[in-house]
Amino acid sequence: MEHETDADDLSDQHHELSSSSSDEGPQYRLPAGYAAALGGMARRAQEEVESHQLDDHVQSNESTFAEMERLRAYADDQRRIREDEEAAEAQWLAEGSNGAEAAEAVEVSLFSACCGDHQRDVKEPDALQRLNDELRGQADAAAGPWLPLESNPEVFTTFAHRIGLSKQWAFEDVLGIDPELLSAMFPVDSKPVAAVILLFPCTKSIYMARRREAGRLCDNVGRVADDRVFHLEQVSSFGNACGTIAAVHAVTNAAVSLDAGVPVAQFKAETQNSSRTDRGHALLTTSALKAESDSAAAHHAAQTACPDRDGPDLDHHYCAFVPIVMSSGATHVVELDGTKICAVDHGPLPAGASFVQAAAHVVQAAFMSVEPGSIEFSLMALCPAL
């Protein structure tokens with residue numbers, strides 16, 4: 001990988017991207033459905049470029065190179081998007097395809113361009129979409145799926161305490177993502193946030209955004225080294241228990257103390273050298289953690305009826321964000337999702353920003369902006385219990 005690129009070169013690339021399309025996306029004379037799909041994809045990709053400006057994040061030479069490579073990758077993705085759009089347009093005109101078919105062709109070709117040698121996976125749906133579809137098709141659960149945790153801080157706190165989190169820590173609702181509000185809710189000096197858990201809707205737009213991200217992860221853009229985090233896979237036999245996975249990710253990766261003999265610390269120690277998939281299967285058969293998860297799911301604080309074990313998918317998913325110190329010494333916002341192939345590096349904390357502010361910015365840019373009209377997002381913060 002070459003690093004002999006300066007910020008001016010990246011600025012020129014960004015200018016080229018900015019001048020090549022309007023805020024409404026590429027302007028082709030295509031059917032409305034096709035044009036809208038292309039416009040939305042291009043607009044979200046462009047917003048992703050602009051949200052990762054180098055001068056907002058540079059804190060060291062290493063992070064400089066990392067951000068330059070990130071921007072280079074986004075710029076390359078944008079050029080490939082334009083090339084694929086032009087190819088798809090030509091194919092549509094030649095074959096008389098309808099707009100929906102052409103839009104799907106662009107989605108597949110875009111994922112192909114991003115994934116390089118991983119083109120064998122191009123026609124497969126996003127891993128989360130595939131998991132949800134599989135769960136919907138299950139008449140029962142062979143290994144006994146885990147019950148889902150409601151997006152309720154008391155429920156998550158109960159589960160975390162039962163598996164070994166100190167009672168000095170608890171989950172709280174995050175009431176908004178405005179930086180000033182977050183500063184007031186979570187003062188860094190007295191109430192620092194150790195982790196954030198996000199609940200988001202599983203929509204077509206979210207799935208498409210995840211596929212684009214998967215392409216970048218295939219090219220090692222945004223991947224976090226396995227030895228930096230404790231990441232486990234949500235295998236399908238878990239059922240709807242993505243909340244449990246997110247809670248385990250938060251507790252095992254956050255800077256919180258765990259006693260050596262508690263269930264989650266024992267599980268982490270026993271699987272520290274295992275693969276993410278093996279950790280997922282190991283968690284599935286760890287009876288102590290499963291019992292505490294099911295007990296928390298049925299907690300009296302839950303506002304919805306405890307769902308059946310073979311119940312339908314809830315069309316929402318949890319992931320966790322934690323602050324991880326990289327080899328450069330800089331603290332990065334890292335996403336942990338049991339349905340992604342690795343932990344995702346969302347870059348270093350901007351100068352003067354707290355972790356919760358930086359995590360909220362990532363949530364807004366990478367999730368909420370994909371579904372701007374949705375109110376089905378929910379955030380919880382792991383912080384000192386005052």
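Could you tell me whether segment 189-202 includes any residue that is in the same structural domain as Ala282 (by TED's automatic domain parsing), in contact with a strand residue (DSSP E or B) (Cβ under 6 Å, 6 or more places away or on another chain) and of a type in the set (Gly, Ala, Ser)? For segment 189-202, residues in the same structural domain as Ala282 (by TED's automatic domain parsing), in contact with a strand residue (DSSP E or B) (Cβ under 6 Å, 6 or more places away or on another chain) and of a type in the set (Gly, Ala, Ser): present.
Just to check your reading of the model, which residue among Asn253, Asn240 is surrounded by 20 or more Cβ atoms within 10 Å (Cβ to Cβ) and modelled with pLDDT of 95 or more?
Numbers: Asn240 fails: modelled with pLDDT of 95 or more.
Unique residue meeting the criteria: Asn253.
Here segment 116-146 is the region considered, the condition is being part of a loop (DSSP other than H, G, I, E, B), modelled with pLDDT under 75 and within 22 Å of the chain's Cα centre (by Cα), and the residue that is surrounded by the most Cβ atoms within 10 Å (Cβ to Cβ) is Val122.
Rundown of residues vs (1) out of contact with any Cys (no Cβ under 7 Å at 6 or more places or on another chain); (2) not hydroxyl-bearing (Ser, Thr, Tyr), yes/no style:
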| residue | (1), (2) |
| --- | --- |
| Phe186 | no, yes |
| Ser190 | yes, no |
| Arg211 | yes, yes |
| Asp226 | yes, yes |
| Ala254 | yes, yes |
| Val264 | yes, yes |
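Being touching a residue at least 60 places away in the same chain (Cβ under 8 Å) and not in a helix (DSSP H, G or I) holds for only one residue in Ala359, Ala351, and it is Ala351.
Examine segment 209-222 for a residue that is in the same structural domain as His249 (by TED's automatic domain parsing), surrounded by fewer than 16 Cβ atoms within 10 Å (Cβ to Cβ) and under 30 Å from Asn273 (Cα atoms), and state whether such a residue exists.
Kept after step one, since they are in the same structural domain as His249 (by TED's automatic domain parsing), are these residues of segment 209-222: 209-222.
Still in the running and surrounded by fewer than 16 Cβ atoms within 10 Å (Cβ to Cβ): 220.
Now narrow it down to the ones that are under 30 Å from Asn273 (Cα atoms): 220.
Within segment 209-222, one or more residues are in the same structural domain as His249 (by TED's automatic domain parsing), surrounded by fewer than 16 Cβ atoms within 10 Å (Cβ to Cβ) and under 30 Å from Asn273 (Cα atoms).
Close contacts from segment 238-261, counting a first residue that is part of a loop (DSSP other than H, G, I, E, B) and a second that is of a type in the set (Gly, Ala, Ser) and surrounded by fewer than 19 Cβ atoms within 10 Å (Cβ to Cβ), with Cβ to Cβ under 7 Å and a gap of 6+ residues or different chains, come to Val256/Ser166; Ser257/Ser166; Asp259/Ala265.
The values are calculated or read from the model by the stated rules, or taken from the named source; none is laboratory data. Remember, predicted model here, so these are calculated numbers, not experimental data. For neighbour counting, all protein chains shown are included, and Cβ atoms are generated from backbone atoms with ideal geometry for every residue, glycine included.
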